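Before any comments, here is the structure.
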Amino acid sequence: MNTHATMANGSRIGQLLADFQPDFDFTAPLPLPVEEFEERLRKIRRQAVEAGHDAIVVHAGSVGWFHASNAYLRYICDWMREGVLIIPTDSDQPLVLLSFFTQSVLLPPGGEPVLVDEIWQIGPIGREYADRPGDSVIKTAEKCAQVLARFALAAAQIGIIGDRTSLTFWAALGSLTPKCKYVTDNAILDRLQKVRSPREIALFRGAAQMISLGTQAAYHVARPGVTDHEIYAAFSFAQLAAGGETGDGYQIGINEFGTHCGKPYGHVVRPGDLINLYISNVTCRGYTAQTARMIAVGDITPHQEDVLAACTEGVKRAEKLIRPGALMRDINNAAFGPMIERGMLTSPEARTMPYNWAPMPDGGARLIPHQYVQDIDWEAQGRRLMHVYPATHGPHNPNLGHSVGMAGAQNSFNISSHNYDTLEEGMVFVLHTQWLEPLSAGCNIGDCYVVTKEGFENLSRHTPLQPHRVTAGK
């Protein structure tokens with residue numbers, strides 16, 4: 001039993017952040033107005049008519065940690081939980097929501113649904129959970145079939161929107177309504193989210209500013225002797241205190257090689273470390289932003305400096321081309337120019353480019369190299385690193401960036417060599433140049449942008465793109 005007074009980790013991180021102040025003012029944006037959801041519903045119903053659907057049924061499951069499996073319900077009616085939304089195509093018919101059918105449900109507010117007339121609680125059941133017979137998925141399908149029959153849609157064409165968690169539900173619903181024709185039509189909602197409204201952009205801007213708050217807090221505490229847990233906690237503290245909805249949407253990579261895409265594990269910052277804050281998802285009222293920043297602690301190798309310079313220059317070259325009408329391919333290829341000039345790559349073409357998660361050239365599986373890699377902080381916990389990550393050199397992805405949307409949503413487009421689409425006003429995306437050489441050098445750095453009428457707005461401009469420098473003796 002420890003009877004000596006020791007400083008708790010929470011006390012230490014509080015002291016590290018005691019004098020932290022961001023260098024810009026932040027005001028959290030308000031939720032989207034009901035009128036915006038009404039316009040979305042009008043467009044959804046119109047597209048349903050054009051597709052010949054008599055109704056739309058939207059399903060979102062639960063993927064643990066109190067997260068819905070997709071963002072469709074939040075986009076339609078601001079419901080952030082699992083549920084099934086029934087949208088009759090006829091505008092005089094009400095919206096019906098079936099929910100509370102898993103053990104990971106949350107109670108409003110926030111997230112009281114808009115435009116929804118009825119909410120039916122299905123209830124998580126089962127022998128182990130409630131000592132009651134039945135299955136919540138089947139019960140949800142049964143209630144959905146009842147609602148469709150009530151709307152005289154027992155023999156109708158129904159557009160269905162969901163994901164992999166929906167498959168069992170669709171099968172059960174189909175067996176209960178054999179006269180219905182079900183047509184998968186996720187594109188109805190995906191098309192609506194390619195270009196964003198001014199009010200949506202305000203939420204993206206808020207998410208990006210939350211990232212900047214977190215990044216500045218991480219910079220404030222990063223120094224030799226501090227752990228990756230403490231840096232991660234400082235970032236989380238700042239963005240969550242500003243209204244961020246979750247603290248699990250980002251990674252921290254930290255070692256002497258610049259490896260990114262990691263999670264904290266107890267690494268102690270030392271001179272020569274390269275730290276990456278890969279902020280894949282900070283969420284403001286359902287809308288996300290993404291950035292990547294590098295921290296160099298003390299002196300790093302000349303090759304590592306060259307990799308940092310190439311990646312930073314790549315983003316800046318690409319940024320200069322952002323404007324309505326610009327070809328996404330051209331933006332992508334511009335960013336890889338500095339790498340080609342340094343001999344790191346021979347081409348910006350995605351099809352030929354090496355990247356960290358690539359299979360073998362013939363498409364077969366690639367063996368992760370089995371080799372002991374010294375990591376004293378991991379070994380202090382009784383474990384050893386016995387493989388080399390990543391398995392091969394190159395960018396993290398064979399492209400420059402991608403669209404940014406709602407939490408849980410899929411990318412609607414990638415900024416890549418094979419994308420010949422053009423930019424439109426209202427598109428929101430991240431551009432991040434990435435490079436990793438196993439046990440040698442790495443960088444992941446990028447900004448979040450919205451296309452404007454005149455060109456672009458850099459949503460993550462409150463922290464410079466250039467690597468942050470920490471003196472070894474700080």
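The values are calculated or read from the model by the stated rules, or taken from the named source; none is laboratory data. On a predicted model such as this, the values are computed, not experimentally measured, just so you know. All Cβ positions, even for glycine, are placed from backbone atoms using ideal geometry, and neighbour counts span all protein chains on display. The area values use the complete protein model at the heavy-atom level, side chains included, leaving out ligands, DNA and RNA. Shrake-Rupley method; radii C 1.70, N 1.55, O 1.52, S 1.80 Å.
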Original post:
Which members of the stretch 249-286 meet the condition of being over 18 Å from residue 233 (Cβ atoms) and among the hydrophobic types (A, V, I, L, M, F, W, C)?
Top reply: 257, 261, 274, 284
Original post:
Which one is surrounded by the fewest Cβ atoms within 10 Å (Cβ to Cβ) among residues in the stretch 119-153 that are among the aromatic types (Phe, Trp, Tyr) and not in a helix (DSSP H, G or I)?
Top reply: 151
Subject >> Hits in the stretch 434-448 (condition: aliphatic (A, V, I, L, M) and in a strand (DSSP E or B)) >> reply: 436, 441, 445
Original post:
Which residue, of 220, 229, is open to solvent by 20 Å² or more (accessible area, probe 1.4 Å) and more than 21 Å from the chain's Cα centre (by Cα)?
Top reply: 220
Subject >> Tally of residues being free of Cβ contacts under 8 Å to residues at least 40 places away in the same chain and farther than 29 Å from residue 335 by Cβ across the stretch 366-398 >> reply: 13
Original post:
under 30 Å from residue 200 (Cβ atoms) and either touching a helix residue (DSSP H, G or I) at 6+ places or on another chain (Cβ under 8 Å) or modelled with pLDDT under 95 (or both): does that describe residue 309?
Top reply: no
**OP:** Working carefully through the options 412, 417, find the one that is touching a helix residue (DSSP H, G or I) at 6+ places or on another chain (Cβ under 7 Å) and at pLDDT below 95.
**Re:** 412
**OP:** Please determine, by comparing only the residues of the stretch 188-201 that are out of contact with any strand residue (DSSP E or B) (no Cβ under 9 Å at 6 or more places or on another chain) and open to solvent by less than 40 Å² (accessible area, probe 1.4 Å), which one is farthest from residue 402 (Cα to Cα).
**Re:** 197
Original post:
Restricting to the stretch 441-474, what's the tally of residues that are of a type in the set (D, E, K, R) and open to solvent by less than 60 Å² (accessible area, probe 1.4 Å)?
Top reply: 2
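Does residue 340 satisfy being open to solvent by 10 Å² or more (accessible area, probe 1.4 Å) and of a type in the set (A, V, I, L, M, F, W, C)? Before the answer, list the steps.
On the way: open to solvent by 10 Å² or more (accessible area, probe 1.4 Å): yes; of a type in the set (A, V, I, L, M, F, W, C): yes.
So residue 340 fits the description; yes.
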**OP:** Taking only the stretch 239-263 into account, find how many residues are open to solvent by 10 Å² or more (accessible area, probe 1.4 Å), under 23 Å from residue 409 (Cα atoms) and assigned to a strand (DSSP E or B).
**Re:** 1
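From the list 236, 175, which residue is at pLDDT 95 or above and under 16 Å from the mean Cα position of the chain (by Cα)? Outline the logic, then answer.
On the way: 175 fails: under 16 Å from the mean Cα position of the chain (by Cα).
None of the others qualify; the one that does is 236.
Residue 252 - would you say it is of a type outside the set (D, E, K, R), in contact (Cβ under 8 Å) with a residue 60 or more places away in the chain, touching a strand residue (DSSP E or B) at 6+ places or on another chain (Cβ under 7 Å) and on the phi < 0 side of the Ramachandran plot?
Details: of a type outside the set (D, E, K, R): yes; in contact (Cβ under 8 Å) with a residue 60 or more places away in the chain: no; touching a strand residue (DSSP E or B) at 6+ places or on another chain (Cβ under 7 Å): yes; on the phi < 0 side of the Ramachandran plot: yes.
It is false that residue 252 is of a type outside the set (D, E, K, R), in contact (Cβ under 8 Å) with a residue 60 or more places away in the chain, touching a strand residue (DSSP E or B) at 6+ places or on another chain (Cβ under 7 Å) and on the phi < 0 side of the Ramachandran plot.
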Original post:
Hey, among 175, 236, 280, which residue is in contact with a Phe, Trp or Tyr (Cβ under 6 Å, 6 or more places away or on another chain), open to solvent by 10 Å² or more (accessible area, probe 1.4 Å) and not in a loop (DSSP other than H, G, I, E, B)?
Top reply: 280
Subject >> Residue among 132, 164, 150 that is at pLDDT below 95 and out of contact with any helix residue (DSSP H, G or I) (no Cβ under 8 Å at 6 or more places or on another chain) >> reply: 132
**OP:** Have a look at 313, 305 and point out the one that is free of Cβ contacts under 8 Å to residues at least 12 places away in the same chain, assigned to a helix (DSSP H, G or I) and not polar (S, T, N, Q).
**Re:** 305
Subject >> Hits in the stretch 347-365 - residues which are loosely packed, with under 11 Cβ neighbours inside 10 Å and in contact (Cβ under 8 Å) with a residue 60 or more places away in the chain >> reply: 351
**OP:** Confirm whether residue 431 is out of contact with any Ser or Thr (no Cβ under 8 Å at 6 or more places or on another chain), modelled with pLDDT of 95 or more and not polar (S, T, N, Q).
**Re:** yes
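Which one is nearest to the chain's Cα centre (by Cα) among residues in the stretch 428-440 that are touching a residue at least 60 places away in the same chain (Cβ under 8 Å) and surrounded by 23 or more Cβ atoms within 10 Å (Cβ to Cβ)?
The first filter runs over the stretch 428-440 and keeps only residues touching a residue at least 60 places away in the same chain (Cβ under 8 Å), leaving 428, 430-440.
Imposing the further condition that a residue be surrounded by 23 or more Cβ atoms within 10 Å (Cβ to Cβ) reduces the set to 428, 430-436.
Working: 428: 13, 430: 11, 431: 14, 432: 14, 433: 17, 434: 17, 435: 20, 436: 21 Å.
Top of the filtered list is 430.
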Original post:
Quick check: anything in the stretch 388-403 more than 17 Å from residue 260 (Cβ to Cβ) and of a type in the set (A, V, I, L, M, F, W, C)?
Top reply: no
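Quick check on my filter: what residues within the stretch 254-285 are among the basic types (Lys, Arg) and touching a helix residue (DSSP H, G or I) at 6+ places or on another chain (Cβ under 6 Å)? Working first, answer last.
Going through the stretch 254-285, the residues among the basic types (Lys, Arg) turn out to be 263, 270, 285.
Hit for the stretch 254-285 is 285, nothing else.
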